[in-house]
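Single-structure report; data block below.
The values are calculated or read from the model by the stated rules, or taken from the named source; none is laboratory data. No experiment lies behind these values; they were computed from the predicted model shown. Note that we place each Cβ from the backbone using ideal geometry, even for glycine, and neighbour counts take in every protein chain shown.
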Amino acid sequence: MYSYHADQWILFFFIYSLIGWIWECLYVGIQTRKLVNRGFMHGPCLPIYGFGAIAILFVTLPVKESPYLVFILGMLSASLLELVTGEVMEKLFKVRYWDYRKMPLNIKGYICLPASLLWGGASILLTFILHPPLEKMILSLPYGYSEMISLVLTLAAGIDFSQSFNEAMDLRAILVKMNEANDQIKRVSKRIEVIQAFVMADLEEKIKEIEETGKMEGLEKLVQAAKENLSSISERSMKKSMRILHRNPFAVSDQYKEALEHIKSVSLSKFEKKKD
């Protein structure tokens, strides 16, 4: 079994997180035709790739004599990590930061066969081509250097992650508030439609009935509640939410679809204005 010190594992994690970030920036940049600082965090670090690489190395290095086992074990370990991470993130943040539901043979949209096969291919590339020279470089670092570098990177990533986590939670809070406001506005619209139907049927009698039953008062309360939900969304929270959506342009939300699409449209329009 291959073994490294904790600080060496940490350095491998950040190296592969950087490589994953470069890959994602290029991939998404080609699709969107603009530069994108891809990922959950602000810095050049995509933890899902770092953890994926560590998981792959952990299961494949002991069996590296067999490329078939490297492919299968690497594919399974990385796919399992992607499945668990995707499900946890959606439950926590109410947003899918990747979505494979349109891909063949997917599981809940978090993983799919094509992506899993790519993980298997990446396991071969990682184990036999990328890792050996990187391993040699990390193991050649003088005593104390790897500890110091890993500590600095961990502290920087911790600060970055905490800020990004707050942005994601701000986005979740905004989605909830906007969804509540939308529901309240829809309820107002339905009540107005009912009142209009009453009025058209018998104007004087229905107006009197509306006044007596206090239906107008109920409408005012709904409108006020919707206004309060929208006004409670601070400009600072909205800006923070837009930043995380810039880094994740393909994010979707089943529960808060309308609200997320609205924020995306506002974010895109502001981005285009800055370009002009």
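Helices (runs of 4 or more DSSP H) fully within region 24-129 that include at least 2 residues being closer than 23 Å to Ala156 by Cβ and hydrophobic (A, V, I, L, M, F, W, C): 47-60, 67-93. I need the full set of residues from region 228-276 which are buried (at least 16 other Cβ atoms within 10 Å of the Cβ), assigned to a loop (DSSP other than H, G, I, E, B) and modelled with pLDDT of 70 or more, in order please. Across region 228-276, the qualifying residues are Asn248, Ala251, Ser253, Tyr256. Within region 27-49, the set of residues being more than 16 Å from the chain's Cα centre (by Cα) and modelled with pLDDT of 90 or more is empty.
Do we have any residue at all in region 196-203 that's at pLDDT 80 or above, aromatic (Phe, Trp, Tyr) and either assigned to a helix (DSSP H, G or I) or in contact with a helix residue (DSSP H, G or I) (Cβ under 6 Å, 6 or more places away or on another chain) (or both)?
The answer is no; no qualifying residue exists.
Provide a single number: the residues in region 115-140 that are aliphatic (A, V, I, L, M) and in contact (Cβ under 8 Å) with a residue 60 or more places away in the chain.
Total satisfying the criteria: 6.
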